[in-house]
Amino acid sequence: MPGSYSATARAHANIALIKYWGKADESLVIPTTSSLSLTLDGLTTQTTVEFLADGDSATGSAVLQDTLSIDGRLQGGTSLQRVSRFLDLVRDRAGIALPARVASRNTVPFGAGLASSASAFAALAAAASRAAGLELPDRELSRLARRGSGSACRSIYGGLVKWNAGHDDGSSYAEPVENPLDLAIIVVLISAREKPMSSREAMRLTMCTSPLYPAWVQASDDDMRGALAAVSQGDLRALGEVAEANALGMHAAMMAARPGVIYWLPQTVAALAAVRDMRTHGFDAWSTMDAGANVKVLTSAPDAERVADELRNRLPDCTVEVHRPGSGVQMVG
Ligand code: 2P0
């Protein structure tokens, strides 16, 4: 491969309404359950990957020495290792053995608490494969992104997306879901601090030690059927109810792990209670949570500003941001 090859891609984070929590195969990142998510606008990663041919790199191409910068800061350790291992998948597929320079920028509106591996690995998969000369269709890109971080396979697509769990590398990928609902997600930022345990570690602990985990997996099948039926019928209330139940079940299973994984803070409980109480006052709003203390609120796009204002009134210490559905991964330039 003469010269140096470079590509830039942009991807958005996604929030799951039916969650992914646990891997049937750790190395291939095959999940135990299918999941359903909404790709959001605003939470964006833009990544440039440049494969360096002989002469472009200080060390030449005989020894792979990738570099990674995130928001202008050079990274080492496990972040770089994880990216390098992912790039190895791309290099193997493209038949190249060149080191890469990776530069990533995130536009997260309020600090580090929502930095997401989903947008990161979706953008990396698209930029790296294109820079390596591969022209992958979306489904292949989704399978590739999955190997970097499970939830990243969903950020290849915009809007509502289903990740089919599958049973092997070929059958585990995401695809878009037709959605007549005009949805919005409101992020209630409770803590921007780094979470006490990574989701990767927490899902492993939950799977291995929580007596409630098998029950959550079993319920997840019904939850997915219910969510897809709700979407196809345009029934926001039914979708909200099943999404909230699925997320609370996931956290119940985490809390029952040995030792228990508790991401909740006092303000988390306050936000969950506020959303429930708002429903009794006629607001269409349902909570979901991921591996952290923050609460995300599902509502309809036309109601989003009114729901957000009510949340701001009730939770004056929290930052409240409205997000609309965002697009899938895109090449830039
Ligand atoms: C989800 N989460 O469905 C779930 C719900 C967090 C809670 O996907 O180990 O960073 O890299 O595959 O994708 C976060 O997990 O995990 C996640 P890995 P990932 O959105």
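Laboratory data are not the source of any read-out in this text; all were calculated from the coordinates shown. None of the values given here were measured: they were computed from a predicted structure. Neighbour counts are summed over all protein chains in view; Cβ atoms, including those assigned to glycine, are modelled from backbone coordinates with ideal geometry.
Roughly how tilted is helix 138-148, in degrees to the nearest 10 and between 0 and 90, from the longest Cα axis of the chain?
90 degrees
For the chain, take the longest principal axis of its alpha carbons; what is the angle in degrees between that and the long axis of helix 236-255, to the nearest 10 within 0 to 90?
Helix 236-255 sits roughly 70 degrees off the main axis of the chain.
Charges only on Cβ, +1 for Lys and Arg, -1 for Asp and Glu: so what's the dipole of the chain about the Cα centre, in debye to the nearest 20? Each step should come with its number before you reach the end.
Working: 31 positive and 35 negative charges, 117 e Å.
Its charge dipole is roughly 560 debye.
Take peptides 118-128, 275-285 and line them up by average Cβ neighbours within 10 Å, highest first, as a rough protection proxy.
118-128, 275-285
If you take every residue apart from Val177 with its C-beta less than 12 Å away from the C-beta of Val177, what net charge results, scoring Lys and Arg +1 and Asp and Glu -1?
0
How much net charge surrounds Gly240 when only other residues with a Cβ under 10 Å from its Cβ are counted (Lys, Arg +1; Asp, Glu -1)?
Cβ neighbours under 10 Å give a net charge of -2.
List Glu310, Glu26 from most exposed to least, where exposure is judged by having the fewest other Cβ atoms within 10 Å.
Final ranking by Cβ density, sparse to dense: Glu26, Glu310.
Going by average Cβ density within 10 Å per residue, which order do the peptides 80-90, 129-139, 238-248, 286-296 take, highest to lowest? Before the final figure, lay out the partial values.
On the way: 80-90: 18.5, 129-139: 16.8, 238-248: 21.6, 286-296: 23.4.
Order by mean packing, descending: 286-296, 238-248, 80-90, 129-139.
For the chain, what ratio Rg/Rh do Cα atoms give with a Kirkwood hydrodynamic radius? Walk me through the intermediate numbers first.
Details: Rg = 19.9 Å, Rh = 20.3 Å.
Taking Rg over the Kirkwood Rh, I get 0.98.
Taking the beta-carbon count within 10 Å as an exposure proxy, list Ile186, Ile96 from fewest neighbours to most.
Working: Ile186 24, Ile96 19.
Least crowded to most crowded, the residues run Ile96, Ile186.
Summing +1 for each Lys or Arg and -1 for each Asp or Glu, what net charge is found among the other residues whose Cβ lies under 14 Å from the Cβ of Leu205? If you can, show how the numbers build up before the last one.
On the way: positive: Lys23, Lys195, Arg200, Arg204, Arg258; negative: Glu26, Glu201.
In short, +3.
Considering the dipole of the chain built from charges on the beta carbon (Lys and Arg +1, Asp and Glu -1) around the Cα centre, which of Met250, Ser199, Asn164 is farthest to its positive end?
Towards the positive end, the residue furthest out is Ser199.
Under 18 Å Cα to Cα from Lys23, which lysines show up? Leave out anything in the same chain fewer than 8 places away.
Here the lysines satisfying the reach criterion relative to Lys23 are Lys162.
Does anyone have the angle between helix 213-232 and the longest principal axis of the chain? Alpha-carbon axes, 0 to 90°, nearest 10?
80 degrees
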